[in-house]
Amino acid sequence: MRRAVCPGSFDPVTNGHVDVIQRAAGLYDELVVAVLVNPGKAGLFPVAERMELLSEAMADLPNVTVDSFEGLLVDYCRTHTIPVIVKGLRAISDFEYELQMAQMNRELAGVETLFVPTAPQVGHLSSSLVKQIARFGGDVSRLVPAAVNDRLLEHGRRNA
Ligand code: PNS
């Protein structure tokens, strides 16, 4: 059984994440999308809501499950017997830090990292930009799954 984990903050999931997860799901028997619980950083959406939005976006991918983790990613990999981390790469600027983390995760626990280059149509997406655009009333409907767009609009209405 080939298993991999796709970790991230996913605050919130964007169409860029969906692209990487869909393609990684085609390469492994089981893919776990793992949301980082970061007690030092609240984020816009609580972790439970991020997971719910991810599950909804991945509903048509039967080999994808959604989970959360706190602490080191390699400890999560060890506990769940997952030998591979999958990460999306948008640009060279992503690569420098991602390479460092990949080398560190391999040194810490022998966990390999597979980089998936994002599709060019979504290479400019990031959760932070999406949140910024939505906060100022911009249209992000083409950048995120429909349910995420709805939640961002709700947030906007609540804070108006
Ligand atoms: O979506 P993000 O915020 O770019 O995801 C970053 C994430 C969660 C993959 C990274 O911060 C991570 O792996 N955090 C867990 C802590 C950890 O293992 N740190 C050591 C990395 S070498």
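When you check P12 against the structure, is it out of contact with any Leu (no Cβ under 8 Å at 6 or more places or on another chain) and assigned to a loop (DSSP other than H, G, I, E, B), yes or no? Answer is no for this residue. Are any of the residues in region 45-52 on the phi < 0 side of the Ramachandran plot and within 11 Å of the ligand (Cβ to nearest atom)? Yes, region 45-52 contains at least one residue that is on the phi < 0 side of the Ramachandran plot and within 11 Å of the ligand (Cβ to nearest atom).
The single residue among E56, E98 that is in contact (Cβ under 8 Å) with a residue 12 or more places away in the chain, in a helix (DSSP H, G or I), more than 10 Å from the ligand (Cβ to nearest atom) and surrounded by 14 or more Cβ atoms within 10 Å (Cβ to Cβ) turns out to be E56. If the condition is being out of contact with any helix residue (DSSP H, G or I) (no Cβ under 8 Å at 6 or more places or on another chain) and either within 18 Å of V144 (Cβ to Cβ) or part of a loop (DSSP other than H, G, I, E, B) (or both), then region 26-47 contributes G26, L27, Y28, D29, N38, P39, G40, K41, A42, P46, V47.
We did not get these values from a lab; they are worked out from the coordinates using the rules stated. In this text the structure is predicted, and so the values were computed from the model without any measurement. Note that each Cβ is placed from the backbone with ideal geometry, even for glycine, and that neighbours are counted across all protein chains shown.
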